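Asks: I am attaching a structure below and will ask some questions about it afterwards.
The values are calculated or read from the model by the stated rules, or taken from the named source; none is laboratory data. Predicted model, so just to flag it, every value in this text is computed and none were measured. Glycine also receives a Cβ, built like all others from the backbone with ideal geometry; neighbour counts cover every protein chain displayed.
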Amino acid sequence: MILDLFAGPGGWSSALHVLGARDVGLEWDQWACKTRAAAGQLTIRTDVAMYPTWPVVGRTRGVIASPPCQAWSMAGKRLGLLDQPLVHAAVEDLAAGRDTRERILAACRDERSLLAAEPMRYLYALNTVGEPDWVVMEEVPDVLPLWKQYAVVLRRWGFSVWCGILNAADFGVPQTRRRAILLASRVRTAQPPTPTHAQLAEPDSLFGPGRARWVSMAEALGWGATDRPVPTVCAGGGPGGGPEPLPLGLPQGAVRCPGAGYLDAPGGPCGPAVPPRRTRMGGAARYP
Ligand SMILES: C[S@@+](CC[C@H](N)C(=O)[O-])C[C@H]1O[C@@H](n2cnc3c(N)ncnc32)[C@H](O)[C@@H]1O
């Protein structure tokens, strides 16, 4: 089976579905679990830090992990940043079969910090039986030093490992999302995928076809308007998450989509054409 730690609503699971595979997700959030169930994904609703490793040992081919990384998060009070050395210490101990989590957790400023070390607890147990064949992990770019620590351990265990930063937009995703990625395999050489897209389209050359231009959100949604700033669609920002009331000064013609906050899409499906405007996040709309 493919084990997906911190499986969330199923981003990895959806990609696996495209590849004709499926995972078993470990996830504790009820809404993420319900979303997975509605999408036909398999889930064990549990705390990844409490779940024993014996049920997965002897039957795991691949491990996916996108752990929360409070110790690298720039949001909130950033207390977790002080915990980074403790997370590295926990990974080192778990990689040697020493479960020191309780003692290390007592010293952490943020009780969630050690979750980033959890994949190593599973990987250590699986490695005792020569599993898994492959591992993929993903997190915000600042987590790369932690992935490098995982890489050293996995190489010691016979894996080929690559880790680095990839941008989703370079692979045709309509989102400029950079992520620290770790790819490891016992059965083939780990290499990053070849980018298929670039910010500016590249011409074909002697060495093959050039990369296509990044896909814009407007293109992905099929809304047109791809030759100018993209439509701005925002989820509701009210306290309950629903649509907010229209602010004063919104351009004439701007519309509100039920459940989706504002939409001021030129030629969009919900309303008449209006001039592009600044996003509610503060900057000019200039993402792909
Ligand atoms: C960054 S999201 C993962 C997204 C997922 N990889 C995807 O592709 O959709 C992290 C997830 O970890 C879950 N989580 C956090 N702490 C957890 C814990 N102790 N046990 C299980 N799940 C946890 C959160 O509810 C959240 O859904």
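Asks: If only one of ALA7, ALA15, ALA21, ALA37 is assigned to a loop (DSSP other than H, G, I, E, B) and surrounded by fewer than 17 Cβ atoms within 10 Å (Cβ to Cβ), which one is it? Before the answer, list the steps.
Replies: On the way: ALA7 fails: surrounded by fewer than 17 Cβ atoms within 10 Å (Cβ to Cβ); ALA15 fails: assigned to a loop (DSSP other than H, G, I, E, B); ALA37 fails: assigned to a loop (DSSP other than H, G, I, E, B).
Only one candidate qualifies: ALA21.
Asks: Moving on to the next point. Restricting attention to the stretch 168-210, and to residues there that are assigned to a loop (DSSP other than H, G, I, E, B), hydrophobic (A, V, I, L, M, F, W, C) and at pLDDT 95 or above, which single residue is surrounded by the fewest Cβ atoms within 10 Å (Cβ to Cβ)? Write out each step before concluding.
Replies: Residues of the stretch 168-210 that are assigned to a loop (DSSP other than H, G, I, E, B), as a first pass: 172-177, 186-196, 199-204, 206-207, 209-210.
If we keep only those that are hydrophobic (A, V, I, L, M, F, W, C) too, we end up with 173, 187, 190, 200-201, 206-207.
Narrowing further to those that are at pLDDT 95 or above: 187, 190.
Values: VAL187: 8, ALA190: 20.
If we take residues in the stretch 168-210 being assigned to a loop (DSSP other than H, G, I, E, B), hydrophobic (A, V, I, L, M, F, W, C) and at pLDDT 95 or above, then VAL187 is surrounded by the fewest Cβ atoms within 10 Å (Cβ to Cβ).
Asks: How many of the residues making up the stretch 91-124 are assigned to a helix (DSSP H, G or I), of a type in the set (D, E, K, R) and farther than 24 Å from VAL56 by Cα? Step through it out loud before you land on a result.
Replies: Our first condition is that a residue be assigned to a helix (DSSP H, G or I); within the stretch 91-124, this holds for 91-95, 101-107, 113-124.
With the extra rule that they be of a type in the set (D, E, K, R), the set shrinks to 92-93, 101-103, 118, 121.
Subsequent filtering for residues that are farther than 24 Å from VAL56 by Cα retains 103.
Total satisfying the criteria: 1.
Asks: Inside the stretch 148-166, can you point out the residues that are in a helix (DSSP H, G or I) and over 21 Å from THR60 (Cα atoms)?
Replies: The initial filter retains those residues of the stretch 148-166 that are in a helix (DSSP H, G or I), namely 148-156.
The answer is LYS148, GLN149, VAL152.
Asks: Limited to the stretch 126-143, what total is found for residues that are of a type outside the set (Val, Ile, Thr) and within 18 Å of ALA95 (Cα to Cα)?
Replies: Of all residues in the stretch 126-143, those of a type outside the set (Val, Ile, Thr) come to 126-127, 130-134, 137-139, 141-142.
Then keep just the ones that are within 18 Å of ALA95 (Cα to Cα); that gives 126-127, 130-134, 137.
The number of residues fulfilling the criteria is 8.
Asks: Step by step: first the residues of the stretch 15-29, then only those that are modelled with pLDDT of 95 or more and within 9 Å of the ligand (Cβ to nearest atom), then the one that is nearest to TYR51 (Cα to Cα). Which residue is that?
Replies: So the residue we want is LEU26.
Asks: Please work out which one of (1) crowded, with 17+ Cβ neighbours inside 10 Å; (2) modelled with pLDDT of 95 or more is the condition THR46 fails and give its number.
Replies: Every listed condition holds for THR46 apart from (1).
Asks: Also: Within the stretch 113-128, is there a residue that is on the phi < 0 side of the Ramachandran plot, in contact with a Phe, Trp or Tyr (Cβ under 6 Å, 6 or more places away or on another chain) and at pLDDT 95 or above? Explain how you work it out, then say what you get.
Replies: Pass one, the stretch 113-128, residues on the phi < 0 side of the Ramachandran plot: 113-128.
Restricting the remaining residues to those that are in contact with a Phe, Trp or Tyr (Cβ under 6 Å, 6 or more places away or on another chain) gives 127.
Right, trim to at pLDDT 95 or above and you get 127.
Looking for residues that are on the phi < 0 side of the Ramachandran plot, in contact with a Phe, Trp or Tyr (Cβ under 6 Å, 6 or more places away or on another chain) and at pLDDT 95 or above, one finds at least one in the stretch 113-128, hence yes.
Asks: Next question. When you look at PRO141, is it touching a residue at least 40 places away in the same chain (Cβ under 8 Å) and under 20 Å from GLY8 (Cα atoms), yes or no? Walk me through it before giving the result.
Replies: Details: touching a residue at least 40 places away in the same chain (Cβ under 8 Å): no; under 20 Å from GLY8 (Cα atoms): yes.
So PRO141 does not fit the description; no.
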